[in-house]
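Q: Next up is a structure, given as structure tokens.
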Amino acid sequence: MDCGSQTPRPALETGSHDVGPRIRRLREERGLSLSELARRAGVGKATLSGLENGTRNPTLETLWAVTAELGVPLAVALGADPVVSGATIRGTAVAGVLLKVFEDENVTYELYRLMIPAGARQLSPAHHEGVTEHITVFGGTLRVGPADSPLLAGPGEHISWLSDVPHVYAAVGDQDVHASLLIRYPRRRGDERSPEDSDASPQA
């Protein structure tokens, strides 16, 4: 799917072959057919089939859309490798390093270091209900938040928003944006799984 002014790119340059089996296992545990999950996530059936079979390297936007419908943090699909290696996860415009995954009762947190090139823009799909994002800008100027009402933040400023709606990241001006992003995922009712249950590691 085209989620911004840039060309969509694979989320991971390497290590993506294990993502598909995790997605398939999560889907089957929830009793969803491939067609139903693809419909709910708004992705093509062929795209999801290729993801599960390891023949397609998914974009970050696709992974976010699919994991939102599965009700799990992105780290569950990525597994331990990106966390251990500090691999860069790329969206249409955003490049993020997953620094830490940690748990607090029924909430999972993912902490990222972000870089967005000057002039780049990314529209990301909604996360599952109740997910919030908390971003602090260290350099550049960032327009970020719900797609219909984004806010502007400069160095030293912080923005939080409910990200269970489509949301945008855009580097404004001629400077790259450097920021930290904390994503807070409340566990959905009836889903007692944790990242450890699906091979994700809480170690950074």
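The values are calculated or read from the model by the stated rules, or taken from the named source; none is laboratory data. Predicted model, so just to flag it, every value in this text is computed and none were measured. Neighbour counts are summed over all protein chains in view; Cβ atoms, including those assigned to glycine, are modelled from backbone coordinates with ideal geometry. Ligands, DNA and RNA are stripped out before the accessible areas are found, and what is left, the full protein with its side chains, is counted by its heavy atoms. Shrake-Rupley method; radii C 1.70, N 1.55, O 1.52, S 1.80 Å.
Q: When the range 50-62 is examined, which residues are found to be in contact with a helix residue (DSSP H, G or I) (Cβ under 6 Å, 6 or more places away or on another chain) and open to solvent by less than 50 Å² (accessible area, probe 1.4 Å)?
A: Within the range 50-62, LEU51, GLU52, GLY54, PRO58 meet the criteria.
Q: Cβ contacts < 8 Å: first residue closer than 16 Å to GLU61 by Cα, restricted to the range 114-133; second residue modelled with pLDDT of 95 or more and among the basic types (Lys, Arg), any location; separation 6+ or different chain. Result?
A: Close Cβ pairs satisfying both conditions: VAL131/ARG184; GLU133/ARG184.
Q: Moving on to the next point. In this structure, is THR108 over 21 Å from ALA11 (Cα atoms) and either free of Cβ contacts under 8 Å to residues at least 40 places away in the same chain or of a type in the set (Ser, Thr, Tyr) (or both)?
A: no
Q: Another question, then. Only one of (1) modelled with pLDDT of 85 or more; (2) among the aliphatic types (A, V, I, L, M); (3) under 23 Å from ARG184 (Cβ atoms) is not met by VAL84, so which one is it?
A: Condition (1) is where VAL84 drops out.
Q: Further, regarding this structure: Determine whether GLY15 is modelled with pLDDT under 85, farther than 22 Å from PRO186 by Cβ and open to solvent by 10 Å² or more (accessible area, probe 1.4 Å).
A: It is true that GLY15 is modelled with pLDDT under 85, farther than 22 Å from PRO186 by Cβ and open to solvent by 10 Å² or more (accessible area, probe 1.4 Å).
Q: Now for a different question. Need at least 1 residues that are on the phi > 0 side of the Ramachandran plot per element, so show me which strands (runs of 3 or more DSSP E) inside the range 118-166 make the cut, counting only ones lying wholly within it.
A: Passing ranges, in order: 141-146.
Q: Moving to a separate point now. Given the conditions (1) modelled with pLDDT of 95 or more; (2) assigned to a strand (DSSP E or B); (3) within 21 Å of ALA65 (Cα to Cα), and given that TYR109 satisfies all but one, which numbered condition is not satisfied?
A: Against the list (1) modelled with pLDDT of 95 or more; (2) assigned to a strand (DSSP E or B); (3) within 21 Å of ALA65 (Cα to Cα), TYR109 comes up short only on (1).
Q: Might you check whether a residue that is under 23 Å from THR132 (Cα atoms), at pLDDT 90 or above and open to solvent by 20 Å² or more (accessible area, probe 1.4 Å) occurs anywhere in the range 30-38?
A: no
Q: For the range 166-185, how many residues are buried (at least 16 other Cβ atoms within 10 Å of the Cβ) and either aromatic (Phe, Trp, Tyr) or closer than 17 Å to ALA126 by Cβ (or both)?
A: Residues in the range 166-185 being buried (at least 16 other Cβ atoms within 10 Å of the Cβ) and either aromatic (Phe, Trp, Tyr) or closer than 17 Å to ALA126 by Cβ (or both): 7 in total.
Q: Right, next: Give the residues of the range 126-165 that are acidic (Asp, Glu) and open to solvent by 40 Å² or more (accessible area, probe 1.4 Å), sorted by residue number.
A: GLU129, ASP148, GLU157, ASP164, listed by residue number.
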